[in-house]
1. To the nearest whole percent, what portion of all C-alpha pairs in the range 114-414 is separated by more than 32 angstrom?
2. So what are the ³J(HN,Hα) numbers for the range 384-393, from phi and the Karplus equation (6.51, -1.76, 1.60; θ = phi - 60°), rounded to whole Hz, Gly and Pro as x?
3. Calculate the length of the line joining the C-alpha centroid of the range 110-139 to that of the range 204-276, in whole Å.
4. Could you tell me which of rounded, prolate or oblate describes the range 375-417, using a ≥ b ≥ c as the square roots of the eigenvalues of the alpha-carbon gyration tensor, with rounded for a/c under 1.5 and, failing that, prolate when a/b is larger than b/c and oblate otherwise?
5. About its Cα centre, what dipole magnitude does the range 114-414 give when the only charges are +1 on Lys and Arg Cβ and -1 on Asp and Glu Cβ, stated in debye to the nearest 20?
6. At what distance in nm do the modelled label points of N181 and R531 sit from each other, each positioned 7 Å from its Cα along Cα→Cβ?
7. Could you pull out the pairs from K177/K236; K273/K328; K265/K337; K118/K278; K257/K305 whose alpha carbons sit more than 26 Å apart here?
8. To two decimal places, what compactness ratio does the range 162-259 give when its Cα radius of gyration is scaled by 2.2 N^0.38 Å?
Amino acid sequence: MATIALKDPRIQRNETVLPRKKPRIARVEDEHRDNASTTSEDRAAEDGHAPFSKTVFDGKRMRRAVARRTVDYNHDIQKWIKANPQDAIVLRPDSSFIVDMLPPSAYMYNPANAITTKYIHTSTNKFRCPVNVVRWTPEGRRLITGASSGEFTLWNGLTFNFETILQAHDSAVRAMKWSHNQEWMVTADHSGIIKYWQSNMNNLKMFQGHREAVRDISFSPNDTRFATCADDSLIKIWDFNQGIEEKALSGHGWDVKCVDWHPYKGLLASGSKDNLVKLWDPKTGKNLTTLHGHKNTIQGLAWNKNGNWLATAGRDQVIKIFDVRVMKEVESFRGHKKEVCSFAWHPIHERLFATGGSDGSLMFWLCGHEGPMGEQETAHDSNIWSLDWHPVGHILVTGSNDHTTRFWTRPRPGDDLTEKFVPLNQKDEKSSQEEDDHMQQQNNFMMQQPPPFRPHMQNVPPHIVQGQPPPFRPNNAKPIEANFFQQPPPFRPQMPPQDQMNTANRQPPPFRPPQQQNTRLDRDPRGDRDRRDDRRDDRRNDRHRDDRRDDRRNQRRRH
């Protein structure tokens, strides 16, 4: 016997009530349903009937198809987690396999899947100026760019749209660096000013760090100190909490362009305009060793995340990899046609890195391979001053002297891997050139006139019309009767009889072509009528003039 509500009329009639069997069609409860309100669906469920849109048949919910707002990675990520990474499924070159695409961290044994050669967007400020530094926020949701106007510009990391702009410095921004704990960002400008920023872009501290332009900033592994280098040939180590200078490292004979702290050791590396790479002990401030490998200024320098490789890029168009365990150069890369301006290691694949040239070229390299793995020769129209990878590693951002910030991503399955990026201005020039060529062809076609009509050339042999020499004829051959080059006689107008002409004053009549002869048929009768009226008016005026002259003569006679 089941407990039944007292309102059931069968209770009042003392009838035996058996428990109601559960329906075989399962009902799916809505998580966000308000229990206080009773809907038609609830009443239908109480009666044992679930709405058709929420019924389950054979374990599958029957519901209208709705486009998803996000990509569901659960299926692919589960396969990736459960399987051996070496047995990962290789992406097939077809657009239908885009759903199987995973982040670069899923392809640890295939760094080629992280080469970002596909152009996706260009961001430009309303006030155009060179972009000196680009940095992703630690979570990858926004991009911060530092320009020569001293402004910070924030761009959305998903849609690449403009979000906000901030006047951060009074001079050009030269360096930006996030701390390892992702809470602080330190920036420096061309006048040597150093500033502390929180993640919400709130400036908390500012002080004069160098007398010249600061070129680079690097944090220690524990974020308690950071190093800066400047054009005053000094490298300074600062206490982050107090903002006090601890040591000044002097040893370079010229401007220091780059500095980088070892990822987990007390070791500093710096590159200068004197073509030298120096390693420093930040505790004692002593120079440990000097690496001689470049023939020109060191433009970029960075430690690999494994801590063993030090990469340097210079104005001699060469990128070199040094192994600090043996203090020797292990590999060099040549491919840039002009000086190398920027360098960046990939955050996931330790053997992959990207470089930017002064001619606007963007190249991707893999340690162990001599040539570039990917290339965009026309990525920018001028120097690429800064590179930065997205924390996930699927997007690369470039900042250039041509006032633009461009985003590059991995080619999707089915995309053309050999496609080259063509800037918009070059596309306009190419399209305008093609349009001019098309118009020129049309004008040439319209200017072509049909050959003139030549009645006397109707029976001319083909070799004469085509300008070919006549066929060979012996001397005793009968000459050709027809003169194919005979011209028609000149036009001679009809002359009056000789007795009607004054031979003394006779002048030859003017030449009139047949289409210009003034015959009676060519005359306009309206024009003849006008001429007759003019002559009649002239005669009337002559009579009036004669009458007035006679009147004046008669008046004189009377007097």
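Computed from the coordinates by the stated procedures, all read-outs in this text should not be read as laboratory data. These numbers were taken from a predicted model, which means no experiment stands behind them. Here the Cβ positions follow ideal geometry from the backbone for every residue, glycine too, while neighbour counts run over all protein chains shown.
1. Tail of P(r) above 32 Å: 19 percent of Cα pairs.
2. Result, rounded to whole Hz: 9, 7, 8, 10, 7, 8, 5, x, 7, x.
3. Distance between centres, Cα-based: 26 Å.
4. oblate
5. 320
6. A separation of 11.2 nm, rounded to one decimal place.
7. K265/K337; K118/K278
8. Against the empirical 2.2 N^0.38 Å value, I get 1.03 for the range 162-259.
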